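What follows is a short report on a single structure.
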Amino acid sequence: MDLTKLTLIETIKGLKERQFSEVELNRAYRERMKKLNPSLNVYLWAKENGTEGIPAAIKDIIVTKDISTTAGSKILEGFVPPYNATAVDRLLEKNISVIGKTNCDEFAMGSSGENSAYGPTKNPWDLTKVPGGSSSGSAVAVASDMCVFALGTDTGGSIRQPSSLCGVVGLKPSYGRVSRYGAIAMASSLDQIGPLTKTVADARLVLEWISGKDGYDSNCQNSEFKVQSSELKKDLKGVRVGVPREYFGKGLDEGVEKVVREAIKKLEKLGAEVVEVILPHTEYGIAVYYIVMSSEVSSNLAKFTGIRFGKTRDKFGSEAKRRIMLGTFALSTGYYDDYFAKAAKVRTLIKQDFAKAFQKCDVIVGPVSPTTAWNLGEKVNDPLKMYLSDAYTIPASLAGIPGLSVPCGFSEGLPVGLQILGKYMDEETILDVAESYEQATSWRKVKPKL
Amino acid sequence: MKYEPVIGLEVHVELNTKSKMFCRCFADYFSKEPNTHTCPICLGLPGALPYTNKEAITKCIQIGLALNCKIVDLSRFERKNYFYPDLPKGYQISQYRWPLCVEGWLEVEDKEGNVSKIRINRVHQEEDTGKLTHSDGQTLIDFNRSGVPLVEIVTEPDFTDPSQVKDYAKKLQQIFRYLSVSNADMEKGDMRLEANVSVRPVGQKELPNYRVELKNINSFRFMTAAIEYEIKRQIEALEKGEKLTQETRGWNEDKRETYLQRSKEEAHDYRYFPEPDLPELKMKSEEERVKEEMVELPQAKMQRFVSEYGISKQNAQVLVELKEVGYYFEKAVKLGEAQQIKPQELANYIVNQKITLASQDQVLRAVEFIAAKRVGIIEDEAVIKKIVLEVIKKNPKSVEDYKRGKLNALQALIGGVMRKTQGKVNVEKVMVVLEKKLKSGDTP
């Protein structure tokens, strides 16, 4: 039995039934890691001789006590945090061990992994392609069975998009569901920690572990998530699935659209009622996001002065510098009202779009990314093109609602994810829909050949 | 041309909360070993987040209520972005567009005793920075002070005389101490003053188009001196036809003059924006809760003393200056009632003798002193003897105790005599008679 193929739930069961030991489990993952990491560049730090716990991968923007945490940046090279993120502490309580810290775009700023100061992670389905970002290493670690599951962070799509491009399940919880304490801030009003897993049931379980009130995150208060029932609803009778017109427009790759439309048909076959909904302010999502996010970035990255830890500011990569400048500009006297204040207003409109749409449906479905994984280097010199690849994930981030990506097929041999968005704090429903779909299809069983 | 000063004041006061503003570290940093009261939050480490200290918010509202402010329904923190090595996050969490308390006022007196109302623009909550120490070409940073709750009180430019500023600052200090929200010690930096000073021709209604900020001045006296100097300097400059501009100046006590610290060109753009790490503060129900727990403030206490005890306003003013004095004065009044001592007598005595009532002991002494001094006291030894005998007869236990050497017993017997005579008896004579009776064994 190849232990690295097991899901989290299967792994827990296997350990409980003593089919294998934690030592064997850790050895299997370590060997897998040794074999694959050099070509995939997933881990920035990896545990050498782990023998205990269930091995999970943690995005290197989430702080781990006594384990180097770089946020994918040279500026934090050599930084060893003196504390654990709340989510990490909660995993440790569940007998999870940190097998490694995964590569990511610098301070989670990027959609391809290429903004990491430590070189890009490779897509396991095609090593010449990007894995998506910014939780690149976490998505690839799960896709290539180099961990049982991983934690990532999602600010504008950074869990969902690489999950889609790598063919794994990725859940961005509602803003405030999981404590952000210990997630190095990129854009504080958007950042959220979430799981990347091999199955929907795994994501559900990890969410239960890491969610809940934390006395260290004021925005994470009424946030407990409990796995409701062990019984899977086989059909989707009574579930209204909204399909937003705006998510199927210009820019959407034909191959991706075909796969996603088929997935929606499948939902219908499972008993769901499919309705068309509109999200009229979608087209402003990226503009709003780049003002709000970069404003917060400019403030959040101010602490990296090189005085107390890390290196001096010239060690920031070009994307970090670009966003610091954008944000500084948007907040400056004379520009605040035209940029930041206006963006905040449009953000409210986007939130209202979802509220209205959710009067007609229980979940909203569509593509995660307009394309499948693209070639390494293809968009690095065109930031705007890169930004547009997040058009379908950004609005949910701005609205603070939960969203996930579940594998729904392939286009030209590359994975495509179905995005399922839910009402604020209603992860239950999107997980239910995703799990019904997942169990009725067999995409999860198709693995990259490595 | 005649000029008049236009002065506004910004006061920072450090709260004496148990923990810091946004973390659980001890807030008391005074003379503690550097960097021992710190954690990832107040050190601004990557990944750390602020968590609001409710005690601080309550104290901020208390200050606002004491200054007759409106407490807003919805308040927010914002980030004030600027670089300085004592600011670990690269921004200070402060308030800008949504302060907790707005539109208050406080009455002040100038040196001639004229009373005027100073409008308070806002009372808001923020956090302190770390502390830099420069020595031998090195700079050391102590983050014990980083994140200590700080409240800022900003007035409208309503002061027209330095003596009003001094009275205002003193009244604020008194209020802070009454509310027990801060030690408000200027020398320790608990309370910091900044004045915005400009002058305009008498009769001009508009505010001047510049203002000079006086900063880092750590005593009421220096602040008054600096403002006086600044008014003179500015009038002289204007009379010479010079144009005054926005700048920040400090006070040099040796030379007794202000000096330029920063000009307008170097002014910061703080790029304020709502602090995304903290939710809005919903204050609607808080105001009522805090109001119920508010202590009586000096002004109100003074008025109550006048109406309730019939003492003079001057005396009342002295008695309420320190919270403890007012407290013990009321205790003395209660105690004195039994001996029919009027509050006015007590007040006169305390004020004239310049007694700082600070303990129960002092209260007793004051009451006894007055009791002994008053007129209509029984001096006749025969009468005293008669009363003493009656008291002895009624208190056999105390007599017994006395014989066993318990000195308290004597006090109890004296007390008995005092009660019987309603305090109107010469205590020394009572003691002599009592002791003689007890020692002679001439007891029933």
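Looking at segment B:187-198, is at least one residue over 26 Å from B:Lys59 (Cα atoms), out of contact with any Pro (no Cβ under 8 Å at 6 or more places or on another chain) and free of Cβ contacts under 8 Å to residues at least 60 places away in the same chain?
no
So which residues in segment B:197-208 are in contact with a Leu (Cβ under 9 Å, 6 or more places away or on another chain) and in a loop (DSSP other than H, G, I, E, B)?
Pass one, segment B:197-208, residues in contact with a Leu (Cβ under 9 Å, 6 or more places away or on another chain): B:197-201, B:208.
Residue satisfying the conditions is B:Pro208 alone.
Of (1) crowded, with 20+ Cβ neighbours inside 10 Å; (2) touching a residue at least 40 places away in the same chain (Cβ under 8 Å), B:Leu207 satisfies all except one. Which?
If we test B:Leu207 against (1) crowded, with 20+ Cβ neighbours inside 10 Å; (2) touching a residue at least 40 places away in the same chain (Cβ under 8 Å), just (1) comes out false.
Need pairs with beta-carbon distance below 8 Å; first residue more than 8 Å from every other protein chain (Cβ to nearest Cβ) and within segment A:61-72, second part of a strand (DSSP E or B) and polar (S, T, N, Q); sequence gap 6+ or separate chains.
So the pair list comes out as A:Ile61/A:Thr153.
Return the only residue of A:Thr86, A:Thr102 being within 27 Å of B:Ile41 (Cα to Cα) and within 14 Å of another protein chain (Cβ to nearest Cβ). Working first, answer last.
Numbers: A:Thr102 fails: within 14 Å of another protein chain (Cβ to nearest Cβ).
Checking each option against the conditions leaves just A:Thr86.
Which residue, of A:Ile58, A:Ile75, is within 14 Å of another protein chain (Cβ to nearest Cβ), in a helix (DSSP H, G or I) and surrounded by 21 or more Cβ atoms within 10 Å (Cβ to Cβ)? If you could, list the steps in order and put the result at the bottom.
Details: A:Ile58 fails: in a helix (DSSP H, G or I).
Among A:Ile58, A:Ile75, only A:Ile75 is within 14 Å of another protein chain (Cβ to nearest Cβ), in a helix (DSSP H, G or I) and surrounded by 21 or more Cβ atoms within 10 Å (Cβ to Cβ).
If you check every pair at least six apart or on different chains, which have Cβ atoms under 9 Å apart with a residue in segment B:106-135 that is in the same structural domain as B:Gln95 (by TED's automatic domain parsing) and small (Gly, Ala, Ser) first and a residue that is surrounded by 11 or more Cβ atoms within 10 Å (Cβ to Cβ) and part of a strand (DSSP E or B) second?
Cβ pairs passing all conditions: B:Ser116/B:Glu107; B:Ser116/B:Val108; B:Ser116/B:Glu109; B:Ser116/B:Phe159; B:Gly130/B:Ile141; B:Gly130/B:Asp142.
Please work out which one of (1) part of a strand (DSSP E or B); (2) out of contact with any helix residue (DSSP H, G or I) (no Cβ under 9 Å at 6 or more places or on another chain) is the condition B:Arg145 fails and give its number.
Looking at each condition in turn, B:Arg145 falls short on (1).
Restricting segment B:283-302 to residues that are among the basic types (Lys, Arg) and loosely packed, with under 15 Cβ neighbours inside 10 Å, which is farthest from B:Lys342 (Cα to Cα)? So that I can check it myself, show each step before the final result.
Keep residues of segment B:283-302 that are among the basic types (Lys, Arg), which gives B:284, B:289, B:291, B:301.
Cutting the leftovers down to loosely packed, with under 15 Cβ neighbours inside 10 Å gives us B:284, B:289, B:291.
Numbers: B:Lys284: 44, B:Arg289: 37, B:Lys291: 32 Å.
Here the residue is B:Lys284.
Yes/no matrix, rows are residues, columns are (1) outside any loop (DSSP other than H, G, I, E, B); (2) in contact with a strand residue (DSSP E or B) (Cβ under 8 Å, 6 or more places away or on another chain); (3) within 14 Å of chain A (Cβ to nearest Cβ):
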position: B:Glu33; (1), (2), (3): no, no, no
position: B:His37; (1), (2), (3): no, yes, no
position: B:Ile41; (1), (2), (3): no, no, yes
position: B:Gly47; (1), (2), (3): no, yes, yes
position: B:Pro50; (1), (2), (3): no, yes, yes
position: B:Ile61; (1), (2), (3): yes, yes, no
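Got a sec? Which of A:Val206, A:Val292, A:Val288 is at pLDDT 95 or above and over 21 Å from A:Arg180 (Cα atoms)?
Values: A:Val206 fails: over 21 Å from A:Arg180 (Cα atoms); A:Val292 fails: over 21 Å from A:Arg180 (Cα atoms).
Among A:Val206, A:Val292, A:Val288, only A:Val288 is at pLDDT 95 or above and over 21 Å from A:Arg180 (Cα atoms).
Just give me the residues in segment B:166-183 being out of contact with any helix residue (DSSP H, G or I) (no Cβ under 6 Å at 6 or more places or on another chain) and part of a helix (DSSP H, G or I), in sequence order. Don't jump to the end; show me each part of the working.
First, the residues of segment B:166-183 that are out of contact with any helix residue (DSSP H, G or I) (no Cβ under 6 Å at 6 or more places or on another chain): B:167-168, B:170-173, B:176-177, B:180, B:183.
Selection gives B:Asp167, B:Tyr168, B:Lys170, B:Lys171, B:Leu172, B:Gln173, B:Phe176, B:Arg177.
Residue-by-condition table, conditions (1) modelled with pLDDT of 85 or more; (2) surrounded by 17 or more Cβ atoms within 10 Å (Cβ to Cβ):
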{"site": "B:Arg304", "(1), (2)": "yes, no"}
{"site": "B:Ser307", "(1), (2)": "yes, no"}
{"site": "B:Ile311", "(1), (2)": "yes, yes"}
{"site": "B:Ala332", "(1), (2)": "no, yes"}
{"site": "B:Lys342", "(1), (2)": "no, no"}
{"site": "B:Ile370", "(1), (2)": "no, yes"}
{"site": "B:Ile387", "(1), (2)": "yes, yes"}
{"site": "B:Lys394", "(1), (2)": "yes, no"}
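Does segment B:93-141 hold any residues that are within 14 Å of chain A (Cβ to nearest Cβ) and surrounded by fewer than 23 Cβ atoms within 10 Å (Cβ to Cβ), and which are they?
B:Ile93, B:Ser94, B:Tyr96, B:Arg97, B:Trp98, B:Thr129, B:Leu132, B:Gln138, B:Thr139, B:Leu140, B:Ile141
Among the residues of segment A:215-237, is there at least one that is away from chain B (no Cβ under 14 Å), without any contact (Cβ under 8 Å) to a residue 60 or more places away in the chain, farther than 30 Å from A:Met146 by Cα and not polar (S, T, N, Q)? Give the derivation first.
First, pick out the residues of segment A:215-237 that are away from chain B (no Cβ under 14 Å): A:224-237.
In the following step, the residues that additionally are without any contact (Cβ under 8 Å) to a residue 60 or more places away in the chain were identified as A:224, A:226-227, A:229-231, A:237.
Those still in the list that are farther than 30 Å from A:Met146 by Cα too: A:237.
Filter again for not polar (S, T, N, Q), leaving A:237.
Checked against the condition, which is being away from chain B (no Cβ under 14 Å), without any contact (Cβ under 8 Å) to a residue 60 or more places away in the chain, farther than 30 Å from A:Met146 by Cα and not polar (S, T, N, Q), segment A:215-237 yields at least one hit.
On the basis of being crowded, with 17+ Cβ neighbours inside 10 Å and closer than 23 Å to A:Val256 by Cβ, does A:Gly366 make the cut? Quick ask: steps written out before the conclusion?
Values: crowded, with 17+ Cβ neighbours inside 10 Å: yes; closer than 23 Å to A:Val256 by Cβ: yes.
Yes.
Keeping to segment A:308-359, report how many residues are assigned to a helix (DSSP H, G or I) and away from chain B (no Cβ under 12 Å).
Quick first cut of segment A:308-359, residues assigned to a helix (DSSP H, G or I) only: A:313-315, A:318-331, A:337-357.
Still in the running and away from chain B (no Cβ under 12 Å): A:314-315, A:318-323, A:325-326, A:338, A:342, A:345-346, A:348-357.
So the answer is 24.
The values are calculated or read from the model by the stated rules, or taken from the named source; none is laboratory data. All figures in this text were calculated on a predicted structure; none of them were measured in a lab. Using ideal geometry, Cβ is built from the backbone for each residue, glycine included, and neighbour counts are taken over all protein chains shown.
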